[in-house]
Amino acid sequence: MKARARVVGALTRRALNEILRVPGAALPGVLAPTIFMLGISSVFGAAIQLHGFGTTSFRAFVVPVGFLQSASFAGAATGVNLARDIEHGWFDRLLLCPTPRVVLLGAVVSSASLRALLPSSFLLAVALALGVPFPGLLGILLAAVLVMGLAMAVACYAVLIALHFRTQQAAPLMQVGGFVAVLFTTSYAPAQLLTGWLRTVSRINPVTHILTGVRQGFVAHVTWAATWPALVSLAGMLIVLGGLAARALLRTGA
Amino acid sequence: MPPAIQAVGLEREFKGGVKAVAGIDIEVAAGEVYGFLGPNGAGKTTTVRMLVTLLRPTGGSATVAGFDVATRPADVRRQIGVALQEAALDPLMTGRELIELQATLHGIPPRQVAARGRELIERVGLANAQDRRVGTYSGGMRRRLDLAMALIHSPSVLFLDEPTTGLDPVSRVTLWDEVRRLKADGTTVFLTTQYLEEADQLADRLGIISGGLLVAEGTPSALKAEVGSPHLDVRLAGTDSLAAAREALGRFGLVRPTSDPCRVSVAVPDGASAIAPVVRALDDAGVLIASLDVVEPTLDDVFLAKTGERLADDAAAA
Amino acid sequence: MTRAVLALARRALRNVLRRPQFVAPLVVFPSLMLAANVGGLSRTTSLPGFPTDVHGFLDFQLAAAITQSLLLGGVSAGIAVALEIEGGFFDRLLAAPIPRIAIVLGRLAATSVIAVAQVAYFLALGLIFGAQIRAGIPGALLVAAIGALAGTGFGALGVMLALRARSASTVQGIFPLVFVVLFVSSAFFPRQLLQSPARQIARYNPLSYLADGMRDPIIHTVRATPVLDGFAAAAGIAAVAIALSVLALRGRLGDT
């Protein structure tokens, strides 16, 4: 067990090298969610005049979207890195070690969860500096858990794509999954203000619950009623996507 | 002692019905260096990938270090070291970080990781470069680091897939010395190569694969003997002694025809030991010679006889 | 020269079609954003200050999606050139007996063709989902013309970046900047409804006039001022960008 934990730790450290040793390469990913938040709130901020938002700050309403985008970008980047490792043969080296493949998957996705914290932290700092209300310690902790969990779920999806296509050229496919999952929710407006099709999609989309879970501290306060659906949705996504990714990894070479 | 590597009817068929490996039988004894020769696309790498558990066989079976590659792959991986055709290394990491990572991946206890890494880095001559990022290494340095990583857990069986492709002659010889050292230590080495000289120098036995099938197997000298005997190539000092030279050499073996009036070639089954009597016979016949060479059948001759192609041309083109 | 430009343009177009992973970001992501914007914020048409004669929010948003797509197309062109530089193919072109400017013009010719296709895609998408092009076919042609000119300009910016940076990953890093300039314009929302300081910056942002110029034939009949402003913005962007890319090419040639 300890040996496996060491393997997970070592591979996670390696995965974070890209950010630590080539900061320029990671900068766009760190800045993008903040740019998006600032842009959307600057452009569509007047929408807060519509009834139903439950807050007087459109920025506070959309900041949580930025957190989820951080998770989505981190997860997709993990898949792209895996595809690069496959193309360059490094992945074969991992497959050749005696560590169970499920543990290797754990290492890959855990790096995504840590990676997601970087753009999220930057976003939070900027949002607070611009006057977004502090969500409280519980709100922050819950947001962190949900963001890290979503990053892992998106990473599982991206790993699935990487293992299937085995090339970095599949990167847009990895990115679009998270993009759609985050945007097709109550990202810009509460459910009652959405058009029919988006209202239906957001109801089915498990990320909507995760978004609500992250948002509650920013627009109101944390309640168990809004928290448990987020946790259950996240767990469901991790089980399904993690299971599919693990299956694909175990079948590699078949 | 059971064989270190055993394959029976090993097959791999890809989508579209392409049979990259069409049923091969291989047995490699423990401590042996087995050379696996073949041109590009013959099935060498596919065979290696099946034996090291990166590809699942679609037919037949194989065991490595006593474990079935299909049913006990994790046990196989604990026993083998692999240096694949591409020295897949992370350019952002230093040599030391990479070898320590490999040690961790192979379950070497934390207390021993640094020391073991240092030992292998020094063994392959990378001590001065160990704290530099691998992205700055030359091709030869990458290969050496790749080999060190393959040896980190002291495997009983080592797979080297074209280890010297692209290396300069000095690096190539250094790697050959390392393979000889491993053999002396009792490690079984399965070596795929396109270079005939490499196979000739290193392998105890060779297997030649072509079109997914094993077309020949044996020691280098036995394989060469199958396709012909050595001959002596004599260059005369002048053309007027050709007839006398032919008559003098005729008693040693079959005189082979040549188009050059200054050359005489005679088959000598005994090889180099026939040199002295031949020189004496020519001297007695008053024949002056300019040069004398013993020409052995080459592995390329073996390859040509078994497959109809020249492997040397393929390697040069690579 | 013309022959070289056409040959290189054909080659660039062929490469785009053979690498769908470069095409996807140009249309897929803007389409998804269009869907999310329309699905989430359609009710904003009832806000005071929103043009009252707009058929629907989708009609309003089409120009934003087109502008976004054209900008991403420019970045894509830059990435393609950067990959050619990294891979050595660019040097092969430089060594060919063709005017060096043809290398850039060929790429830009391809980009303008792709730009027309991008505009056509979004207009068709809008029509499928219920939008109207009030100015009809002449309006659609005007949108395509402005879009082609702007797309050429953005392509030239991408080429300029590639020639300066010589690295595909550096050019790719520009993606977030695309959204920055887009958000501080009236591409997505009427200028009078933007928050400060975006509202102020949008006044001077050529993308505002570009987007408004393409939007007007969709939500109104053809009106001279916005359309001419759109052409002027597109032409200005194209002129400046082409000049910069020529300078960048000269700089690169000076290094070889």
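Results, tabulated for the structure shown:
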item: Failed condition for residue B:177, given (1) charged (D, E, K, R); (2) open to solvent by 10 Å² or more (accessible area, probe 1.4 Å); (3) in contact (Cβ under 8 Å) with a residue 24 or more places away in the chain; result: (3)
item: The one condition in (1) closer than 26 Å to residue A:113 by Cα; (2) out of contact with any Leu (no Cβ under 9 Å at 6 or more places or on another chain); (3) more than 7 Å from chain C (Cβ to nearest Cβ) that residue A:14 fails to fulfil; result: (2)
item: Elements of type helices (runs of 4 or more DSSP H) in the range A:1-65, at least 1 residues being open to solvent by 10 Å² or more (accessible area, probe 1.4 Å) and under 18 Å from residue C:36 (Cα atoms); result: A:23-44
item: Which listed residue, of C:17, C:34, C:62, is more than 26 Å from residue C:135 (Cβ to Cβ), part of a helix (DSSP H, G or I) and out of contact with any Asp or Glu (no Cβ under 7 Å at 6 or more places or on another chain); result: C:17
item: Selection status of residue A:55, over 25 Å from residue A:155 (Cα atoms), more than 10 Å from every other protein chain (Cβ to nearest Cβ) and hydroxyl-bearing (Ser, Thr, Tyr); result: yes
item: Given (1) touching a residue at least 12 places away in the same chain (Cβ under 8 Å); (2) more than 30 Å from residue C:98 (Cβ to Cβ); (3) within 12 Å of chain A (Cβ to nearest Cβ); (4) open to solvent by less than 50 Å² (accessible area, probe 1.4 Å), index of the condition residue C:45 fails; result: (4)
item: Options B:53, B:104; residue that is facing chain A (nearest Cβ under 10 Å), outside any loop (DSSP other than H, G, I, E, B) and open to solvent by less than 40 Å² (accessible area, probe 1.4 Å); result: B:104
item: Per-region count, the range B:139-161, residues at pLDDT 90 or above and over 24 Å from residue A:98 (Cα atoms); result: 1
item: Members of the range B:254-300 found to be of a type in the set (D, E, K, R), in a helix (DSSP H, G or I) and open to solvent by 60 Å² or more (accessible area, probe 1.4 Å), listed by number; result: B:280, B:283, B:284
item: Conditions (1) modelled with pLDDT of 90 or more; (2) closer than 30 Å to residue A:131 by Cα; (3) hydroxyl-bearing (Ser, Thr, Tyr): number failed by residue A:110; result: (2)
item: Residue B:188 being at pLDDT below 90, open to solvent by less than 30 Å² (accessible area, probe 1.4 Å) and either within 18 Å of residue B:5 (Cα to Cα) or touching a Leu at 6+ places or on another chain (Cβ under 7 Å) (or both); result: no
item: Scan of the range B:135-155 for residues that are within 27 Å of residue B:109 (Cβ to Cβ), buried (at least 16 other Cβ atoms within 10 Å of the Cβ), more than 11 Å from chain A (Cβ to nearest Cβ) and touching a strand residue (DSSP E or B) at 6+ places or on another chain (Cβ under 9 Å), ordered by number; result: B:147, B:151
item: Residue ID - farthest from the other protein chains (Cβ to nearest Cβ), chosen from residues in the range B:107-116 that are surrounded by fewer than 19 Cβ atoms within 10 Å (Cβ to Cβ) and touching a Lys or Arg at 6+ places or on another chain (Cβ under 9 Å); result: B:114
item: Only one of C:35, C:4, C:9 that is in contact with a helix residue (DSSP H, G or I) (Cβ under 7 Å, 6 or more places away or on another chain), within 30 Å of residue C:168 (Cα to Cα), surrounded by 18 or more Cβ atoms within 10 Å (Cβ to Cβ) and modelled with pLDDT of 85 or more; result: C:9
item: Residue count, the range B:243-252 (criterion: open to solvent by less than 30 Å² (accessible area, probe 1.4 Å) and in contact with a strand residue (DSSP E or B) (Cβ under 7 Å, 6 or more places away or on another chain)); result: 2
item: Unmet requirement for residue C:69, which otherwise passes all of (1) within 30 Å of residue A:196 (Cα to Cα); (2) open to solvent by 30 Å² or more (accessible area, probe 1.4 Å); (3) in a helix (DSSP H, G or I); (4) more than 8 Å from chain A (Cβ to nearest Cβ); result: (2)
item: Tally of residues being within 8 Å of chain A (Cβ to nearest Cβ), within 14 Å of the chain's Cα centre (by Cα) and modelled with pLDDT of 85 or more across the range C:174-189; result: 2
item: Any hit, the range B:221-233, residues being modelled with pLDDT under 95, within 30 Å of residue B:272 (Cα to Cα), surrounded by fewer than 17 Cβ atoms within 10 Å (Cβ to Cβ) and of a type in the set (Ser, Thr, Tyr); result: yes
item: Test for residue A:91: is it modelled with pLDDT of 90 or more, more than 17 Å from residue A:249 (Cα to Cα) and in a helix (DSSP H, G or I); result: no
item: Subset of the range B:79-93 that is open to solvent by 10 Å² or more (accessible area, probe 1.4 Å) and modelled with pLDDT of 90 or more - its residue that is nearest to residue A:87 (Cα to Cα); result: B:82
item: Within the range C:48-59, considering residues that are assigned to a helix (DSSP H, G or I) and within 11 Å of chain A (Cβ to nearest Cβ), the one nearest to the chain's Cα centre (by Cα); result: C:58
item: Pick from the range A:216-254, criterion within 14 Å of chain B (Cβ to nearest Cβ) and in a loop (DSSP other than H, G, I, E, B), ranking: surrounded by the fewest Cβ atoms within 10 Å (Cβ to Cβ); result: A:254
item: Helices (runs of 4 or more DSSP H) contained entirely in the range A:114-215, each with at least 2 residues that are within 11 Å of chain C (Cβ to nearest Cβ) and in contact (Cβ under 8 Å) with a residue 24 or more places away in the chain; result: A:171-183
item: Pairs where the first residue, in the range A:72-86, is open to solvent by 10 Å² or more (accessible area, probe 1.4 Å) and the second is among the basic types (Lys, Arg), C-beta under 6 Å, 6+ apart; result: A:86/A:166
item: Residue C:250 being open to solvent by 10 Å² or more (accessible area, probe 1.4 Å), more than 14 Å from chain A (Cβ to nearest Cβ) and over 15 Å from the mean Cα position of the chain (by Cα); result: yes
item: Selection from the range C:117-172 of residues that are crowded, with 18+ Cβ neighbours inside 10 Å and over 30 Å from residue C:81 (Cα atoms); result: C:126, C:131, C:133, C:135, C:139, C:140
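Yes or no, residue by residue, for (1) under 17 Å from residue B:80 (Cα atoms); (2) of a type in the set (Ser, Thr, Tyr); (3) not in a helix (DSSP H, G or I):
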position: B:186; (1), (2), (3): yes, no, yes
position: B:191; (1), (2), (3): yes, no, yes
position: B:201; (1), (2), (3): no, no, no
position: B:215; (1), (2), (3): no, no, yes
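The values are calculated or read from the model by the stated rules, or taken from the named source; none is laboratory data. Since the model is a prediction, treat every value here as computed from it, not as a measurement. Because the Cβ atoms are built from the backbone with ideal geometry, glycine has one as well, and the counts that use them run over all protein chains shown. Please note that ligands, DNA and RNA were not included when accessible areas were found on the heavy atoms of the full protein model with its side chains. Shrake-Rupley method; radii C 1.70, N 1.55, O 1.52, S 1.80 Å.
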